[in-house]
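Presented below is the structure to which this report refers.
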Amino acid sequence: MKPKWTVDDLRQLDVFAKCATRELEALLPHVYCRTYRKGQLLFIEGDPRERVYFLISGYVKLERCNETATHQYTDYLKPKQLFPYRGLLTEPYYQHSAEALTDIEVIYMPTDRFEQLVSRNASMLLHIVGQMNRILDLHERRVQDIITPSATDRVLNTIHYLIEDLGEPEATGVRVRCPFTTIEISRLSGTSRETVSNILSRLRKEDVLQFDARELMIGHPEYFEQSL
């Protein structure tokens, strides 16, 4: 972990790329680095929204539950992402809980400092609006793809969503380094764990993907595009 961030380091994050040097120099004393171990909570839904985070390495899960504590919404974050977007400039409390899915490294800063900078900087505001539109589009398509009576299609569409959202293209296919269990995929797809296990087993035999507790390697991502 870097002991101290610089203006050039901040500019490596897209949201700060066009900020003036003096603006970033004024922000630097309020930028903090921290690591979390797998399973640790960064914040809980309903906590005061005191910090804005940037994920530097590892993966984070955002989750929002209803009053009966059944899972209502789940999202996953990969490195180089700002979070949480929900509530920026509008809400005093976190609207999700955030959990480290792996060991992670983050930087964070006070929410008021970040939002003051955004309110004065049109390029930052446009970047944030663009990212929120991207997230909204992805999740609209996720809902549309998963609303189908076929359990098999729901699982395939869920894997396609994970490829789009978290996948890293490689010469041999697409790799999703975020750790998923069959239980997680069954929750996302609204199917049973047995259904997910059977479909993953079939896809392994067909050499479409390889799956373990640490990552998902998709050798033929076009398979999931054709299945839509």
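If only residues of the stretch 168-190 that are of a type outside the set (S, T, N, Q) and under 18 Å from residue 207 (Cα atoms) are counted, the one that is nearest to the chain's Cα centre (by Cα) is 176. Residue-level check: of (1) polar (S, T, N, Q); (2) closer than 27 Å to residue 214 by Cβ; (3) not in a loop (DSSP other than H, G, I, E, B), residue 102 misses just (3).
The set of residues from the stretch 136-151 being surrounded by 13 or more Cβ atoms within 10 Å (Cβ to Cβ) and either touching an Asp or Glu at 6+ places or on another chain (Cβ under 9 Å) or in a helix (DSSP H, G or I) (or both) comprises 138, 139, 141, 142, 145, 146, 151. Checking 204, 154 one by one, the residue that is surrounded by 14 or more Cβ atoms within 10 Å (Cβ to Cβ), in a helix (DSSP H, G or I), free of Cβ contacts under 8 Å to residues at least 60 places away in the same chain and among the basic types (Lys, Arg) is 154 and no other. Exactly one residue out of 169, 179 is in a strand (DSSP E or B), surrounded by fewer than 20 Cβ atoms within 10 Å (Cβ to Cβ), of a type outside the set (A, V, I, L, M) and not assigned by TED's automatic domain parsing to the domain that holds residue 62, and it is 169.
Does residue 90 meet the test of being outside any helix (DSSP H, G or I), under 20 Å from residue 178 (Cα atoms) and of a type outside the set (A, V, I, L, M)? So residue 90 fails the test. Of all the numbered requirements in (1) at pLDDT below 90; (2) farther than 29 Å from residue 197 by Cα; (3) surrounded by 15 or more Cβ atoms within 10 Å (Cβ to Cβ), residue 109 misses one, and that requirement is (1).
Is there a residue in the stretch 116-127 that is surrounded by fewer than 18 Cβ atoms within 10 Å (Cβ to Cβ) and modelled with pLDDT under 90? Within the stretch 116-127, none of the residues are surrounded by fewer than 18 Cβ atoms within 10 Å (Cβ to Cβ) and modelled with pLDDT under 90.
The values are calculated or read from the model by the stated rules, or taken from the named source; none is laboratory data. On a predicted model such as this, the values are computed, not experimentally measured, just so you know. A quick note on method: Cβ atoms are made from the backbone with ideal geometry, for glycine too, and the neighbour counts reach across all protein chains shown.
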